[in-house]
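Peer 1: Got a structure for you, written out below as structure tokens; questions coming shortly.
Each value in this text was obtained by applying a stated rule to the coordinates, not by laboratory testing. Remember, predicted model here, so these are calculated numbers, not experimental data. We place every Cβ from the backbone using ideal geometry, glycine too, and count neighbours over all the protein chains shown.
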Amino acid sequence: MWKKILGLGASKREKDLVSLYDRVPKEKRPRHIAIIMDGNGRWAEGKGLIRTAGHRAGVGTLRDILHVCVDLGIEVLTVYAFSTENWKRPRPEVDFLMSLFSEYLEKEIQEMEDNHVRLRFLGREDGMSEALLGKMHAAEARLAGNDGLQFNIAANYGGQDEILRAVRTLAARARAGEVAPEDIDETMLAGALDTAGQPPVDLVIRTSGDLRLSNFLLWQAAYAEFWFTETNWPDFTPEEFVGALVDFAQRKRRFGGLNPSDGK
Ligand code: FPP
């Protein structure tokens, strides 16, 4: 259980939340959850605030969802924090997001460490400042020895770009004679992605009503289940998140095959 979430003085809401966990049977919990945290801007605009207020509010939601994932023993949580396309946003918003990532690392790392979280950034490094990259690398290194939840933050990330980088890595290895082109298979390609060594995505959650993947984890989500909500990310609650997991637990996954009961 996430340290501090329960304990003496735990609020009724926290107790009620923990009692909801039983509705998601352990063997039916997704191993890898990926979240598109959309709707920060709309949330802020709806309240007459500037867009960046939505991003700041979104950090609080991320914190809560990370807690719940630790509590439930989820293996991997990946969140989409900044896409390779997000550089097209106005410079002040981009700068705000970069400083928010930096602040987040400073403020949250101790709690991540206390809760045995491992951290990995997915995506490209070019374009990020040296100062931010330094903090990202230091945070990854500090949490590398942990054995709890694997937390991936996709920042300056695009799924097509990730696959392209992996293909280039393998092509270079082939040119160097380290691998024969005909030996390149799905496992080898998966091992050259930013998520190397991690299980594929079981569940993609997207908030704020849009029904698309937006270049997120294209390879890893090949057999993922999708769950969408109209709720904007800052308003997304742990209770709604657990509801998504309850729904996931009821899905029949066939991975291209047949369920035993479907066989004729
Ligand atoms: C999409 O909402 C959200 C983003 C581009 C940024 C997500 C970042 C956070 C939730 C901040 C916290 C993250 C970390 C890792 C500290 P949008 O701005 O596209 O919303 P809109 O579609 O309503 O405009």
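Peer 1: Can you tell me how much longer the chain between residue 19 and residue 129 gets when fully stretched, taken as 0.36 nm per residue apart minus their C-alpha distance, in nm with one decimal? Please report the intermediate quantities before stating the final value.
Peer 2: On the way: separation 110, 0.36 × 110 = 39.60 nm, distance 4.33 nm.
Additional length available on full extension: 35.3 nm.
Peer 1: Hey, what does the equivalent ellipsoid look like for segment 1-134, semi-axes from the Cα gyration tensor as sqrt of 5 times each eigenvalue, largest first, whole Å?
Peer 2: Working: eigenvalues 165, 66, 46 Å².
Over the Cα atoms of segment 1-134, the semi-axes work out to 29, 18, 15 Å.
Peer 1: Could you tell me which of 223, 246, 197 has its Cα farthest along the dipole of segment 143-264 towards the positive end, charges placed at Cβ (Lys, Arg +1; Asp, Glu -1), taken about the Cα centre?
Peer 2: 223
Peer 1: While we're on this one: Across 5 Å bins from the origin, how do the percents of Cα pairs in segment 138-234 run, short distances first?
Peer 2: Going out from 0 Å in 5 Å bins, segment 138-234 shows 2, 10, 17, 19, 18, 15, 11, 4, 2, 1, 0 percent.
Peer 1: Could you work out, for segment 187-264, what percent of all Cα-Cα pairs fall into each 5 Å distance bin, beginning at 0 Å and stopping at the bin that holds the largest distance?
Peer 2: 3, 12, 19, 19, 19, 15, 9, 3, 0, 0
Peer 1: Rounded to a whole number, what is D in µm²/s for segment 34-86 from Stokes-Einstein with the Kirkwood radius over alpha-carbon pairs (37 °C, 0.692 mPa s)? Could the numbers behind the result be given before it?
Peer 2: On the way: Rh = 12.1 Å.
For the chosen part, D equals 270 µm²/s.
Peer 1: Can you give the percent of C-alpha pairs in segment 59-143 whose distance is more than 18 Å? Present the calculation step by step, with values, prior to reporting the outcome.
Peer 2: Working: 1619 of 3570 pairs.
Of the Cα pairs, 45 percent sit more than 18 Å apart.
Peer 1: For a quick check: sort 26, 12 by the number of other beta carbons within 10 angstrom, fewest at the front.
Peer 2: Lowest to highest Cβ neighbour count: 12, 26.
Peer 1: Right, another one. Farthest toward the dipole's positive end in the chain, which of 141, 76, 121, given Cβ charges of +1 (Lys, Arg) and -1 (Asp, Glu) about the Cα centre?
Peer 2: It is 76, whose Cα lies furthest towards the positive end.
Peer 1: Taking θ as phi - 60°, what are the ³J(HN,Hα) couplings along segment 73-82 by the Karplus curve (6.51, -1.76, 1.60), each to the nearest whole Hz, with x for Gly and Pro?
Peer 2: So the J values, rounded to whole Hz, are x, 5, 6, 9, 10, 10, 10, 8, 9, 6.
Peer 1: Turning to a different aspect of this structure: Of all alpha-carbon pairs in the chain, indicate the percentage at a distance above 28 angstrom.
Peer 2: Values: 13045 of 34716 pairs.
So the portion of pairs separated by more than 28 Å is 38 percent.
Peer 1: Can you show me the helix-derived [θ] at 222 nm for the chain, built from DSSP H runs with n ≥ 4 at -39,500 (n - 2.57) apiece and divided by the number of residues, rounded to the nearest 500.
Peer 2: One gets -13500 deg cm²/dmol as the mean residue ellipticity at 222 nm.
Peer 1: Oh, and also: I want the local charge near residue 125. Using Cβ-Cβ distances under 14 Å, sum +1 for each Lys or Arg and -1 for each Asp or Glu among the other residues.
Peer 2: On the way: positive: 120, 124, 135, 165; negative: 126, 130, 140, 161, 162, 194.
Result for the neighbourhood of residue 125: -2.
Peer 1: Okay, moving on. Enumerate the amide H contacts of residue 225 below 5 Å, restricted to partners 5 or more residues apart or on another chain; note that Pro and chain-start residues carry no placed amide H.
Peer 2: 203, 204
Peer 1: I would also like to ask the following. Expressed in nm to one decimal, what extension gain is obtained for the pair residue 226 and residue 87 from 0.36 nm per residue of sequence separation less their Cα-Cα distance? Let's see the in-between values first.
Peer 2: Values: separation 139, 0.36 × 139 = 50.04 nm, distance 2.64 nm.
Once the chain is fully extended between residue 226 and residue 87, it gains 47.4 nm.
Peer 1: Mind jotting down the distance between the C-alpha centroids of segment 159-192 and segment 204-247, whole Å?
Peer 2: 30
Peer 1: For residue 161, what is the net charge nearby, where nearby means another residue's Cβ is under 14 Å from its Cβ and Lys, Arg count +1, Asp, Glu -1?
Peer 2: On the way: positive: 124, 165, 168; negative: 85, 125, 126, 162, 194.
My count for the surroundings of residue 161 gives -2.
Peer 1: Cα gyration tensor of segment 85-201, axes a ≥ b ≥ c as square roots of the eigenvalues: rounded (a/c below 1.5), prolate (a/b > b/c) or oblate? Intermediate results must be reported in sequence, preceding the final value.
Peer 2: Working: a/c = 2.52, a/b = 1.46, b/c = 1.73.
Taking the square roots of the gyration eigenvalues as a ≥ b ≥ c, segment 85-201 is oblate.
Peer 1: Applying 1/(1 + (r/R0)^6) with R0 = 41 Å to the Cβ-Cβ distance of residue 237 and residue 258, what FRET efficiency is obtained, to the nearest 0.05?
Peer 2: Approximately 0.65, to the nearest 0.05.
Peer 1: If you take every DSSP beta bridge whose two residues both sit in segment 80-222, what share of them, in percent to the nearest 5, is antiparallel?
Peer 2: 0
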